[in-house]
1. Failed condition for Leu117, given (1) among the aliphatic types (A, V, I, L, M); (2) out of contact with any Asp or Glu (no Cβ under 8 Å at 6 or more places or on another chain); (3) touching a residue at least 24 places away in the same chain (Cβ under 8 Å), with all others met?
2. Condition first: in a loop (DSSP other than H, G, I, E, B), open to solvent by 10 Å² or more (accessible area, probe 1.4 Å) and either more than 19 Å from Ala198 (Cα to Cα) or of a type in the set (Asp, Glu) (or both). Now tell me which residues in segment 25-71 satisfy that.
3. Taking segment 202-221 as the region of interest, how many residues are over 12 Å from Ala185 (Cα atoms) and open to solvent by 30 Å² or more (accessible area, probe 1.4 Å)?
4. Out of the residues in segment 104-132 meeting the condition of being assigned to a helix (DSSP H, G or I) and in contact with a strand residue (DSSP E or B) (Cβ under 8 Å, 6 or more places away or on another chain), tell me which one is farthest from Phe88 (Cα to Cα).
5. Answer with yes or no whether Ile12 is assigned to a strand (DSSP E or B), of a type outside the set (Gly, Ala, Ser) and touching a residue at least 60 places away in the same chain (Cβ under 8 Å).
6. Please work out which residue is surrounded by the fewest Cβ atoms within 10 Å (Cβ to Cβ), limiting yourself to segment 222-280 and to residues that are free of Cβ contacts under 8 Å to residues at least 12 places away in the same chain and hydroxyl-bearing (Ser, Thr, Tyr).
Amino acid sequence: MAHRLTGDRILILETREEAQFSRLLAEQGADVLQCPMFAINDAPDPAPIEAWIRRCIDRPCDDLVLMTGEGLRRLTKHARHMDVERPFIAALDKARKFARGPKPGRALREIGLEPQLTTEKPTSEGMAGMLARFDLGGHRVGLQLYPDKDHGALIGAIAAQGAEVDTVTPYAYDAKAADANIATAIDEMAKGRVDAIALTNLGQIRRLIEVARAHGDEARLREGLAKTPIASVGPAVSDELKSHGLRADIYPANDAFFMKPLISAMAAALGTSPPRGAARREPPPASGI
């Protein structure tokens, strides 16, 4: 990278795969402020997931649409507990696999498989657009979903092609896991102690606003975001920011909607001035918030 983040205090909102993001930022010299937002748990009722796995084994899908790497890992764990991991992976191998961005691809490789197609834009709209280029008529399509989003448009787009859509949502969010952490993060931004906040999925924005409203801190959140550069990983995050009257200040170049290009964009944007967070803050806690 042409620039580094040496001394810049970067706030990340921990959800999926943020450990990797934190490591990449630290490698560029950033002082990473980690804010756990919620826990990811297995879905409370395992029965629909187990039934989906058994259908997948008994009647393998023609096409498999994976929206998250976390979802595939949870499905594989369920199959292992059911003592059907090998036949489950063998069934997945028979399907043409569509991945929403690189994360499901990484999860597939962990079990010895490869995605046949990966979206250029890791969004639901990007997935629907890619699937529209294929004839899915008469196909059985397995669709792995994630919580806290209305997937009706994507499901409808697949069904409209004449496909049979079989959905599964293998995990859930604990939305009340870390309200205190989020309140502290809001306070740090409002006091000007953060050089940038990096957003990697739209659920982070919704969660920030939800917690701020619940605690009467929305005005303080907006005050903090107004003085803190906001880095957005891609169009879904940027559109969500816009829907709440917010903006993306930093964005990956060349529509490369991944962690490393986002870090490069942050380094370039912040490299023109000294870290402001370091000069203003009190000694940080040992780790995290």
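The values are calculated or read from the model by the stated rules, or taken from the named source; none is laboratory data. What you see is a predicted model, and the numbers here were worked out from it, not measured in a lab. Using ideal geometry, Cβ is built from the backbone for each residue, glycine included, and neighbour counts are taken over all protein chains shown. For the accessible areas, the whole protein counts, side chains as well, though only heavy atoms, and no ligand, DNA or RNA atoms are used. Shrake-Rupley method; radii C 1.70, N 1.55, O 1.52, S 1.80 Å.
1. Against the list (1) among the aliphatic types (A, V, I, L, M); (2) out of contact with any Asp or Glu (no Cβ under 8 Å at 6 or more places or on another chain); (3) touching a residue at least 24 places away in the same chain (Cβ under 8 Å), Leu117 comes up short only on (3).
2. Ala43, Pro44, Asp45, Pro46, Arg59, Pro60, Asp62
3. Summing the residues that are over 12 Å from Ala185 (Cα atoms) and open to solvent by 30 Å² or more (accessible area, probe 1.4 Å) in segment 202-221 gives 9.
4. The residue in question is Met130.
5. Yes: the conditions hold for Ile12.
6. Ranking the qualifying residues of segment 222-280, first place goes to Thr272.
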